[in-house]
Amino acid sequence: MKAIHIMLAVTALTFAAAAQAAIFGGFAPRQDYSVGETPQVVTAADFNGDGAPDLAAANADSDDMSVLLNNGDGTFGAADFYPAGNTPLSIRTADFDGDGDADLSVMNGNGTSISVYFGNGDGTFVTHQTYDFDPNEPPYPGVLITHTMADFDGDGDVDIAVVSLTGTTIMILPNDGSGTFGPHNVIDEPPGPGFPTDLVSADFDGDGDVDLMTVTGYLFGHGPARVLLNDGDGTSWTALSFDVEGDGIVDPPADFNGDGILDIAFTRTVNPGGYILVGMGNGDGTFGPLTSYNVDRPGYPMTTSDIDHDGDIDLIVTSFGPYRTVNVLLGYGDGTFADPLSFPGVGAVSSPVAVDLNGDTWPDVATANRGDDTVSVFINLTHDVLPLDIRPGSCPNPLNRGVRGCYRPPCWERWSTTSWTSTSRRSSSPALTAPAARSRRKVPRTRTWERRSTASRAIAATRKATDSPISC
């Protein structure tokens, strides 16, 4: 009897592991939602307290922001509109006043201002403050390009950092704790060619303080990327620089190789192609050699997420121009990535955000679509799918056709007597692991599942069972 209980426990763990090790199944056909004119960036948070992430977009040509409330299942109602300043180019969300409700900040590029909106907790917002930078006074901000948010001064409140397209300065707006910002502090960047086109915040040197990174984009002549290490209070910064031909920076940065140190990635657009550059962090604010991955006309910002629930960080980046796609580069967990898997978008698709929109625990993706005046939602189809037949063209039912083969829902009864042995190098308990997400080597072709990524990395898993899960 004891042996039976042990066998049942192992079987239960096997099934649980199988459910978590599903192969990335792609996205459902996108759903488009009308917003304002020329949306630049989209962000996500629970604005009405129902537990489902909602969306907000900054609309450059209609000088407003749009808020889309989630119905709870990944679909959205009609947009509500709130006036912003001149040419909103970026939007961020955080709880600025500490009341537990998500607030919003919009950076107005030509208006050289930041608009701050307090959330009421019911999905509506009220304008709290517009912070204006005087374009006629040093540091002559000119056109603002983007902003990021973090607690830069260590007082527990979320502050704002802004970078100017026509200057070599970053401006920090400290939060006084009530959600009111300013006056701003100025970080003078080291002189160099070009002007900043992107800005992100993260703790790049692991000292507990939030740092900043800028990069010079293709429109203004490529220059070095600059890391500004925060000395602790948000007023004193140490500047580092390194050469990279990048246009945008991954946001948020993440640990690509599992060593506990933040790594970095950049987009680089060339005509007609482009690529992504990935570098491993050294833990002190510097980075190792960059590895490139071809991606057609990559937009920025790009983002990170574990899109396939395998424990490794993946990259999500859009392609603009004639390509109009959302691209997923699956991470191998060692700092390398598979070639991109592409999904059709619309308009000048940009600014992907990855978050579970329909409550199934799997990250979905939303994008802003300049030129189409919409926000698109891509629902992740990876949940409860397992490999059925990986041969090209082997899916009789197109609904079961995934991005790397043919899939079907798991056969629950058959799995009760099934166990798996995996060659996955990251598996801590191989006997309790479902078909491996990847492996660097093959195993003998004895009742073997095998597929290849577009990066030609072989993966395989040998099945030891008496019943077949594909027969039910």
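Descriptive notes on the structure:
- Ranked by how many other beta carbons lie within 10 Å on average, peptides 236-242, 87-93 from highest: 87-93, 236-242
- Among 267-278, 34-45, sorting by the average number of other beta carbon atoms lying within 10 angstrom of each residue, highest first, gives 34-45, 267-278.
- Net charge, ALA60 excluded, C-beta distance under 13 Å - Lys, Arg +1, Asp, Glu -1: -4
Read-outs throughout are calculated quantities, based only on the coordinates presented, and are distinct from any laboratory measurement. Note that the structure is predicted; figures quoted are calculated from it, not measured. Because the Cβ atoms are built from the backbone with ideal geometry, glycine has one as well, and the counts that use them run over all protein chains shown.
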